[in-house]
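Have a look at the structure below before the remarks.
The values are calculated or read from the model by the stated rules, or taken from the named source; none is laboratory data. Note that the coordinates shown come from a computational prediction; the quantities given were computed from them, not determined experimentally. Heads up, the Cβs are rebuilt from the backbone with ideal geometry, glycines too, and the neighbour counts pull from every protein chain shown.
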Amino acid sequence: MKRITHAMGVLIGIAFFLMTSCSQTDVGLTTKVKAKLIADTTVNAYQIDVETKNGVVTLTGNIDNMAAKDRAVDLAKDTAGVRNVVDMISVRTAAGDGDAPDPHRTVGEVIDDAGITVSVKSQLFKDPDVKGLRIDVDTRDGVVFLTGEVRSKLEENKAIELAKQTKGVRDVRANLTLSRS
């Protein structure tokens with residue numbers, strides 16, 4: 001029994017050492033922020049991407065309400081070791097009135113939106129002028145939300161146009177930023 005207790009103590013010590021030594025790296029900070037987002041009941045963590053570079057955390061994604069966006073930004077800012085937070089989160093407003101669309105949609109509506117998302121993503125991948133891997137596509141009630149980085153205004157316009165031309169798309173909302181590299 002004494003050996004088991006000692007072994008557990010050693011393992012806990014190693015885990016603590018790894019957590020504290022890795023937490024100040026960009027990967028460690030990203031992990032800490034993601035863990036906070038997952039643990040929070042206001043934030044849908046799967047809707048938010050977290051990237052860290054030199055202690056600066058960038059949050060991107062499309063979420064359903066402003067409270068979740070504000071909470072995600074606050075959680076990231078309150079994470080030890082984070083120097084700054086860049087908020088690139090969009091709040092879905094398909095109706096254009098500031099509120100998210102009805103979350104109690106039918107299975108058919110959800111499937112239609114999933115099909116649109118796949119079609120738009122496919123068009124982005126096929127086009128040689130667009131880096132489809134750098135653009136996140138979400139669809140809600142036929143409204144396509146594009147989030148991510150593009151290399152130029154031309155690429156941004158092309159991505160938006162490809163989305164607009166996709167069957168079933170009612171509108172396109174873009175939150176695309178020009179990459180620094």
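Observations on the structure shown:
- Residue count for segment 119-133 satisfying the condition of being assigned to a helix (DSSP H, G or I) and either in contact with a Cys (Cβ under 9 Å, 6 or more places away or on another chain) or farther than 18 Å from residue 61 by Cα (or both): 5.
- When restricted to residues that are of a type in the set (D, E, K, R) and without any contact (Cβ under 8 Å) to a residue 40 or more places away in the chain, segment 115-160 contains 11.
- When segment 146-181 is limited to residues that are modelled with pLDDT under 90, among the polar types (S, T, N, Q) and not in a strand (DSSP E or B), the one that is nearest to the chain's Cα centre (by Cα) turns out to be 179.
- Exactly one residue out of 70, 64 is touching a residue at least 24 places away in the same chain (Cβ under 8 Å) and out of contact with any Pro (no Cβ under 6 Å at 6 or more places or on another chain): that is 64.
- Which listed residue, of 43, 50, 33, is part of a helix (DSSP H, G or I) and either within 22 Å of the chain's Cα centre (by Cα) or at pLDDT 55 or above (or both): 33
- Selected residue [modelled with pLDDT under 90 and in a strand (DSSP E or B)] from 136, 102: 136
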